[in-house]
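The values are calculated or read from the model by the stated rules, or taken from the named source; none is laboratory data. Worth saying up front: this structure is predicted, and the values here are computed from it rather than measured. Cβ placement follows ideal geometry from the backbone for every residue including glycine, while neighbour counts extend to all protein chains displayed.
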Amino acid sequence: MKKNKSKASEKKIKVLVYCPSDLILSGIIKALEKGPEINIIGIEKSTIDSLLNSIKADNPDVIVFSNTDPLPNIKEVCKAIKDITGDKKKSKLMLIGNIPPQEEIVGLMNSGVRGYFDLNEPSGQLADATRSIYREEIWLPRDKMSSIMDRIISVVGRDLKEKTLDQLTPTEFKVLRHIGQGKSNEQIANEMFISKNTVRSHIKSIYAKLGTHSRLQLALYAINSALF
Amino acid sequence: MTKKKKPKKQKDIHDQLLNRRREWRLDMPLKAEIKGKLPNGENFSETTTIDNISSGGAYFGLNARITIDTKLNLTIDIPSKLTDGKKTKLSLSGSTVRMEKTDSKKKKLNIAVHFNKKYKFLD
């Protein structure tokens with residue numbers, strides 16, 4: 001019996017709660033208590049410094065951070081928490097509040113936030129969110145998740161496009177090769193039997209497709225294409 | 001007539017979060033000859049391999065003990081596949097902006113160079 005009991009206590013998720021508002025704090029505690037495996041090991045209501053000290057001392061599995069007033073330095077706070085907990089890969093940070101725009105969420109996640117629990121979500125889901133963060137998953141409101149994913153896909157897509165020359169037409173690729181050989185527009189026009197204006201037009205198009213305005217960068221793209 | 005102020009263009013999230021560089025760095029293992037002056041005034045010339053490069057600058061390892069703001073000249077051999085066998089070189093110049101130590105076994109320093117706008121192709 002004793003062994004089972006100790007096993008059960010081992011499985012408990014150590015949660016540290018930061019919330020300066022008594023009213024919201026009581027709601028958070030009530031919601032977290034619905035998760036039998038959740039163990040609230042500490043509550044911080046005062047300053048960010050005291051929160052950071054508690055994280056260092058208690059080494060929680062999940063940090064639930066709620067702040068009613070928007071903090072201008074929230075990213076710095078998140079980075080400080082990440083710095084304390086990052087190496088151990090144990091403590092995970094979840095913010096509670098009114099969900100900010102998607103760009104801000106991406107920025108916050110970049111600063112170490114693993115989850116954002118919207119105040120409008122059913123309180124019963126807070127324990128689920130905490131479990132997800134503990135399992136190293138990400139928790140975000142469902143409606144925001146799709147717009148964030150769209151954003152990420154467009155960024156990754158753009159990233160890939162920037163790095164490939166696949167989008168160039170065969171003629172544009174020939175012009176690019178000539179640029180990589182150090183030829184002037186006039187030399188390119190003579191070699192390709194086209195006018196200088198057409199060369200300029202091709203180069204303008206290449207600039208737009210590769211997202212650059214530098215002829216040297218085009219030459220480097222051409223050199224790179226010859227290497228692999 | 002008062003001029004209407006143009007609304008400030010919001011920076012793309014991509015630029016803000018993922019890549020603040022103006023140009024894409026290309027990972028190109030190109031042989032390059034680096035020339036410059038050591039702090040004692042002596043000229044040096046060293047061959048190295050470029051780690052990455054863009055029109056803004058380059059990053060590579062160097063044995064020479066140079067300092068920040070040292071003017072360097074890089075000469076890169078353009079692959080013959082691009083020049084149809086013709087020997088062509090690209091000459092770039094710039095100054096060191098950052099230096100990092102590599103692992104303790106190697107004596108090389110990793111050097112980041114910011115290019116000035118002058119470059120030329122050499123036959």
Q) In the range B:52-63, which residues are within 10 Å of B:Lys107 (Cβ to Cβ) and either outside any strand (DSSP E or B) or within 11 Å of chain A (Cβ to nearest Cβ) (or both)? A) B:Asn63
Q) When you scan the range A:117-188 for helices (runs of 4 or more DSSP H) that lie fully inside it, which ones turn up with 2 or more residues that are away from every other protein chain (no Cβ under 14 Å) and at pLDDT 90 or above? A) A:125-134, A:170-180
Q: With the condition kept exactly as written, say whether any residue in the range B:36-43 is over 13 Å from the mean Cα position of the chain (by Cα) and modelled with pLDDT under 80.
A: no
Q: Sort out which residues of the range B:38-97 are surrounded by fewer than 16 Cβ atoms within 10 Å (Cβ to Cβ) and free of Cβ contacts under 8 Å to residues at least 12 places away in the same chain, and write them in order of number.
A: B:Asn40, B:Gly41, B:Glu42, B:Asn43, B:Ser80, B:Lys81, B:Asp84, B:Gly85
